[in-house]
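Asks: Sharing a structure, written as structure tokens. Questions coming.
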Amino acid sequence: MANHEALIDSASTQPLSIVLPRVISLAQSVGDEDLLTWARLELLGYTGVNPAMTERTAVPEYRAVGGAWFDGHGRRLRLEPGLAFVNETRLREGVGELETYVGQGGILTYQMPEFSDLIKNHLGVEVSDFRFDLRTVEQVLANIRAQLVHRLIKSSTEFGSRATTPEIQPTNTDSNPVWYLRPTFYGIGIDLRAAWRRLRAWWISQRRQ
């Protein structure tokens, strides 16, 4: 119990990249496999090089950031509310990399050709890149921190504390022209959403290879 409580306290003040290795150590010592797997995914990222990834692993919704798609001429794509999920992506990077974005301004650009092709095939328009504000990463880190505290409390209740962990030391817009796309036939939002989910699952499997 004491070790769980110490980590809960640390989770409120320490960088996640420092706390999570201790969480992994604790989870191994008490036999909490769920906490162990989750901590490894958050620390190393939801990518193919992480051995914690499995065929059933999905990037959590709390890692989602909103942004916008742009075409090759820098024109921004705006969608009707039913297609708003297209203007969202879930960050795969480990917490250490995400923490390097904190305090930075500007826009981060992702190239996701599979999703660009999906938009073209379902909506009949071409987009080239997805952009989002780096400031949104801070909310993602806050979401991960909240998840960590919740999972430590749950682990403390189920497993108690059966091992010691080392003490942790503190460590020191938009001026582009806009173009609009509106669905032209009933059900496009539902069809695209289903395809979007299938592609996301496929993309995860490819990143594991």
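Asks: Hey, can you tell me all the residues within segment 90-126 that are in a loop (DSSP other than H, G, I, E, B) and under 21 Å from ALA39 (Cβ atoms)?
Replies: LEU91, ARG92, GLU93, GLY94, THR100, TYR101, VAL102, listed by residue number.
Asks: Moving on to the next point. All but one of (1) under 18 Å from VAL59 (Cβ atoms); (2) not in a helix (DSSP H, G or I) hold for ARG131; which doesn't?
Replies: If we test ARG131 against (1) under 18 Å from VAL59 (Cβ atoms); (2) not in a helix (DSSP H, G or I), just (1) comes out false.
Asks: Six or more apart or on different chains, Cβ under 6 Å: which pairs go from a residue in segment 55-80 that's under 17 Å from GLU42 (Cα atoms) to one that's assigned to a strand (DSSP E or B) and of a type in the set (D, E, K, R)? Could you list them?
Replies: VAL59/ARG90; ARG63/ARG90; ALA64/GLU88; ALA64/ARG90
Asks: May I ask you to verify whether SER17 is modelled with pLDDT of 90 or more, part of a helix (DSSP H, G or I) and touching a helix residue (DSSP H, G or I) at 6+ places or on another chain (Cβ under 6 Å)?
Replies: Yes; evaluated as a whole, the condition is true for this residue.
Asks: Within segment 47-55, is there a residue that is crowded, with 16+ Cβ neighbours inside 10 Å and not in a loop (DSSP other than H, G, I, E, B)?
Replies: There is no residue in segment 47-55 that is crowded, with 16+ Cβ neighbours inside 10 Å and not in a loop (DSSP other than H, G, I, E, B).
Asks: Being surrounded by 14 or more Cβ atoms within 10 Å (Cβ to Cβ) and among the small types (Gly, Ala, Ser) is the filter; apply it to segment 83-128 and report the residue that is farthest from GLU42 (Cα to Cα).
Replies: Result: SER128.
Asks: From GLN28, GLN14, which residue is surrounded by 18 or more Cβ atoms within 10 Å (Cβ to Cβ) and more than 18 Å from the chain's Cα centre (by Cα)?
Replies: GLN14
Asks: Could you check segment 54-89 and list, in sequence order, the residues that are under 10 Å from the mean Cα position of the chain (by Cα) and closer than 19 Å to ALA39 by Cα?
Replies: Those that are under 10 Å from the mean Cα position of the chain (by Cα) and closer than 19 Å to ALA39 by Cα: ALA58, VAL59, PRO60, GLU61, TYR62, ARG63, ALA64.
Asks: I've got another one for you. Please determine whether any residue of segment 33-43 is closer than 13 Å to GLU88 by Cα, loosely packed, with under 13 Cβ neighbours inside 10 Å and out of contact with any Leu (no Cβ under 6 Å at 6 or more places or on another chain).
Replies: Scanning segment 33-43 turns up no residue that is closer than 13 Å to GLU88 by Cα, loosely packed, with under 13 Cβ neighbours inside 10 Å and out of contact with any Leu (no Cβ under 6 Å at 6 or more places or on another chain).
The values are calculated or read from the model by the stated rules, or taken from the named source; none is laboratory data. Please read all numbers here as calculations on a predicted model, not as lab measurements. Using ideal geometry, Cβ is built from the backbone for each residue, glycine included, and neighbour counts are taken over all protein chains shown.
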